[in-house]
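Read the structure below first, then the notes.
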Amino acid sequence: MPTFDELSDAQLVVAIARYEEEALAEVYLRHAGAVLALARRVLGDQLEAEDVTQDVMLRLWKNPDRFDALRGSLRSYLLTMAHGRAVDIIRSTTARRRREELEARRSAAFQHLERDVWDLDAAQQVQAALAELSDAERRAIELAYFGARTYREVAEELNQPEGTIKSRIRSGLQRMRLSLTAGGVARP
Amino acid sequence: MTPLLDHDEVQELLGAYALDAVDDDERRDIEGHLESCPRCRGELDAYREVAAAIGNCAPRTGDPPGHLWDRVASNLRASRHGREEGTPDAELLRELRGKLARPERSTPPASVTPIHAERNAQRRRRQLGALAAAALVIIAGLGIELARLQNQVNQAQSALAGRGIQGAVVATLDNPLHRGATLRTGDGRDVAQVVALDGHGYLLASDLVTLPGDRTYQLWGLISGQPVSLGLLGGRPGTVAFSFGSAHPSKIMITVEPSGGVTTPTQAPLAQGVLTS
């Protein structure tokens, strides 16, 4: 019988559905660092980021069947949950008051993305894909994703029509998708 | 409620949605549309993957901490224990009662009535234990149609899946901005507690009798003087989550209604309480 560290992510999720704690521990080892990093990046706070990471792991534990391997990787699934949860926290009334304070702490945008990353090759490709975007597209995606803003808030901040921001985000993601697919980071 | 967004409008928003950058109303509409539109689901999956690839590059600071795994692991055991034994709700309820205790209420000290208190706790534990497995979770917006109630229950279950309802209640209680209410019957019996924060609330029923199959408890918020349905509680409510968006209910009420629920109360409230901070 293979040990948990030999199992694929999808096999680990099956084991989690059978309440195998060690399978979740293996998922934690593989992915919690990335989840924590994203949550910390959005929230600007280590403790809140740890809460989000815990939420994400428990959500997988309680509802492993919500993960659909056909729709994306486990890493993507966990990061998507973490981002959603972090954004909820930021948008709550109490957290909103902290936004300015957060802004000051948050380092400038995408420039530092390549630092300390686990998967350097993928990170370089993401950097390259971002570099192919127009400044306007990049800025809109960055403010929305890491700044936890709605596209309306982005529009207001950049003094642009909402429709323009909406389509910049979409076109930016479409172009990044093409570029990441070509580089093998995203599935075709 | 008719969705406000058509296919094309949803499609234009998919990029923003993948970045969690739409407001709550749009999110609801988009999620409704996604259920029936494989094309939009496919496009969304592609954007989500790109978003996750960007998120995957956030700067790390070494391995995930061991103490955090310890926290996760202790919660796993707690949640399995909860499913098997069905007791955590009772603990939670006591904590909630403690936090909501009003200074002006003359509650006898626990030491005076140890037997009753213990018996009540046991009864409550049995009641809540049986309910924990089927804990009904309800989310309801303002002015929703009854036909959508069940769908909203499912959505709320997804929304709560991450932390478990008890974690959510504890987190709400821990926030000093939370509001609370004790729901009391006309003859002065406390039958449920409510805590609420930022548009979300939780009801912990402690003393509601099981209804016959053709009846349901229904939860209402008094909003601008009008009772607005916050959802169906079923015939044996335990701990239930609900949502009221940006509205500010001044009072929370429970009525007994036909099992499909009603849009306006047909009965006087069985129990009610003022939501105070």
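Bear in mind these aren't lab numbers, they're just calculated from the coordinates by the rules spelled out. Here the structure is a predicted model, which is why all the values come from computation and not from measurement. Heads up, the Cβs are rebuilt from the backbone with ideal geometry, glycines too, and the neighbour counts pull from every protein chain shown.
Taking other C-beta atoms within 10 angstrom as a stand-in for reagent exposure, B:Trp69, B:Trp220 fall in the order B:Trp69, B:Trp220, fewest first.
Counting Cβ atoms of other protein chains within 10 Å of each residue's Cβ and taking the mean over peptide B:180-192 gives 0. Between region A:16-35 and region B:236-277, the alpha-carbon centres lie 39 Å apart.
By the count of neighbouring beta-carbon atoms within 10 Å, fewest first, A:Thr80, B:Thr264 end up ordered B:Thr264, A:Thr80. Working note: Karplus 6.51/-1.76/1.60 with θ = phi - 60° gives region B:212-223 the couplings x, x, 8, 10, 9, 7, 10, 9, 10, x, 8, 10 Hz, where Gly and Pro are set to x. In nm, give the distance between the simple-model label positions of B:Ser36 and A:Leu178, each being 7 Å from the Cα along the Cα-to-Cβ direction. My value for the distance between the label points is 3.3 nm. Take the Cβ atoms of B:Val170 and B:Ser250, set R0 to 25 Å, and the FRET efficiency comes out at 0.50. The string of couplings for region B:28-44 from the Karplus curve (6.51, -1.76, 1.60, θ = phi - 60°) is 4, 4, 5, 5, x, 5, 4, 4, 10, 10, x, 5, 5, 4, x, 5, 4 Hz, one whole number per residue in order, with x for Gly and Pro. Residues B:Asp174, B:Asp25 in ascending order of nearby Cβ atoms (within 10 Å, fewest first): B:Asp174, B:Asp25. Inter-chain Cβ neighbour count for B:197-208, averaged per residue, equals 1 (cutoff 10 Å, partner chain atoms only).
Peptide A:142-149 has a mean of 4 when you count, residue by residue, the C-beta atoms of other protein chains within 10 Å of its C-beta. So how far, in whole Å, is the C-alpha centre of region B:1-50 from the one of region A:60-94? Distance between centres, Cα-based: 16 Å.
Across region B:47-64, coupling constants 3J(HN,Hα) worked out from phi with the 6.51/-1.76/1.60 Karplus curve, θ = phi - 60°, read 5, 4, 5, 5, 4, 5, 5, 5, x, 5, 9, 4, x, 8, 10, x, 5, x Hz, and Gly and Pro carry x.
With R₀ fixed at 35 Å, the C-beta to C-beta distance from B:Asp25 to A:Thr3 puts the FRET efficiency at about 0.15.
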